[in-house]
Amino acid sequence: MSTTVTLVGGPTAVLDLAGLRIITDPTFDPPQVYHHPIAGDVVKTTGPAFTPEELGTIDIALASHEHIDNLDMAGREFLNTVPRVFTTTEVADQFGDNVTGLTEYTSQSVPLPHGGELTVTAVPAKHGPEGTWQALGPVIGFMLNGPGVPSVYVSGDNSQVEVITEIAEKFGPVDIAVLFVGGAKFDVIAEGSYITLSNERALEAAKILGAKKVIAVHEDSWQHFSQNASEIRDLFEDDGLGDVIVALKPGESVELSI
């Protein structure tokens, strides 16, 4: 079965999967500076490669949490236009009936256009080291599964390898892992510790998950990302996994046959 992935920018990608169009962490604001009560100034350097109108119909949105670099102002407005949205219960409480809040390891089913169902399961994510992820607030990742459908793991802003190990034990191996990488960090948070996967941890995660393909997102368009697509490609290639990593530039698409 063919799956197409298009990078919009930052954490925002569109997956054309089994007849459904699924978007991750919608961010559509133009470049600007935001203020976060813990991180301070958060700088968006580049706008999205596509507007919502240019993307067309989206069937499902997966919103891992509500930090401004994962769900910005235009992204929040966008959620109101999507028939089915899955996110944390804290975010869901701020929206209408189209938005469903999930806690860890709870699931919802979505009918597939050609029969059968896609199961969307919330999985854990820790946004930084111990003490930091609790202060930054709840984040979830997602597992997508269905009969005859490639299994897809969407990490959300998880930075911890032990979380990956737990998910792999329950769901692995996975066909496609959409990993939020870029080594995001702020000097004022946990002394600059990573609050998303670094490229090196993403490589480790790919091996733990047994992923056939890794889609690297969340490594462009924001100032607090410390690593980029070129670096993660080189890292995977040096480890013999160059055929596994997919590191797109915003606006680019790839078709995966899995």
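The values are calculated or read from the model by the stated rules, or taken from the named source; none is laboratory data. Source: prediction; values computed, not measured. Please note: Cβ atoms are built from the backbone with ideal geometry, for glycine as well, and neighbour counts cover all protein chains shown.
So, restricting to helices (runs of 4 or more DSSP H) that lie completely within the stretch 50-97, which ones have at least 2 residues that are buried (at least 22 other Cβ atoms within 10 Å of the Cβ) and either without any contact (Cβ under 8 Å) to a residue 60 or more places away in the chain or touching an Asp or Glu at 6+ places or on another chain (Cβ under 9 Å) (or both)?
Correct list: 73-79.
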For this session: Report yes if some residue within the stretch 233-253 is closer than 27 Å to Thr88 by Cβ and in a helix (DSSP H, G or I); otherwise report no.
Result: no
For this session: Would you check which residues across the stretch 174-193 are of a type outside the set (A, V, I, L, M) and surrounded by 23 or more Cβ atoms within 10 Å (Cβ to Cβ) and list them?
Result: Phe180, Gly182, Gly183
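How many residues are part of a helix (DSSP H, G or I) and aliphatic (A, V, I, L, M) when one looks only at the stretch 196-225?
The first filter runs over the stretch 196-225 and keeps only residues part of a helix (DSSP H, G or I), leaving 199-209.
Still in the running and aliphatic (A, V, I, L, M): 202-203, 205-206, 208-209.
Looking only at that region, the number is 6.
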Seminar exercise, completed: If we keep only residues of the stretch 170-195 that are of a type in the set (Val, Ile, Thr), modelled with pLDDT of 90 or more and in a loop (DSSP other than H, G, I, E, B), then the residue nearest to Pro250 (Cα to Cα) is Val181
Exercise. Which residue out of Asp72, Asp97, Asp25 is closer than 22 Å to Tyr153 by Cα and acidic (Asp, Glu)?
Worked result: Asp25
Seminar exercise, completed: The strands (runs of 3 or more DSSP E) lying wholly within the stretch 100-158 that contain at least 2 residues that are exposed (fewer than 14 other Cβ atoms within 10 Å of the Cβ) and on the phi < 0 side of the Ramachandran plot are 107-111
Seminar exercise, completed: Asp220 passes all but one of the listed conditions (1) under 19 Å from Thr3 (Cα atoms); (2) charged (D, E, K, R); (3) within 15 Å of the chain's Cα centre (by Cα); the exception is number (1)
For this session: Hey, could you check the stretch 34-49 for residues that are touching a strand residue (DSSP E or B) at 6+ places or on another chain (Cβ under 9 Å) and within 22 Å of Gly128 (Cα to Cα) and say which is surrounded by the fewest Cβ atoms within 10 Å (Cβ to Cβ)?
Result: His35
Exercise. Is there any pair with a first residue in the stretch 130-148 that is within 30 Å of His114 (Cα to Cα) and a second that is acidic (Asp, Glu) whose Cβ atoms are under 9 Å apart and which are 6 or more apart or on different chains, and what are they?
Worked result: Ile140/Glu104; Gly141/Asp157; Gly146/Glu117; Pro147/Glu117
For this session: Go through the stretch 13-44 and count every residue that is without any contact (Cβ under 8 Å) to a residue 24 or more places away in the chain and part of a strand (DSSP E or B).
Result: 5
Exercise. Taking the stretch 19-29 on its own, how many of its residues are surrounded by fewer than 24 Cβ atoms within 10 Å (Cβ to Cβ) and among the hydrophobic types (A, V, I, L, M, F, W, C)?
Worked result: 2
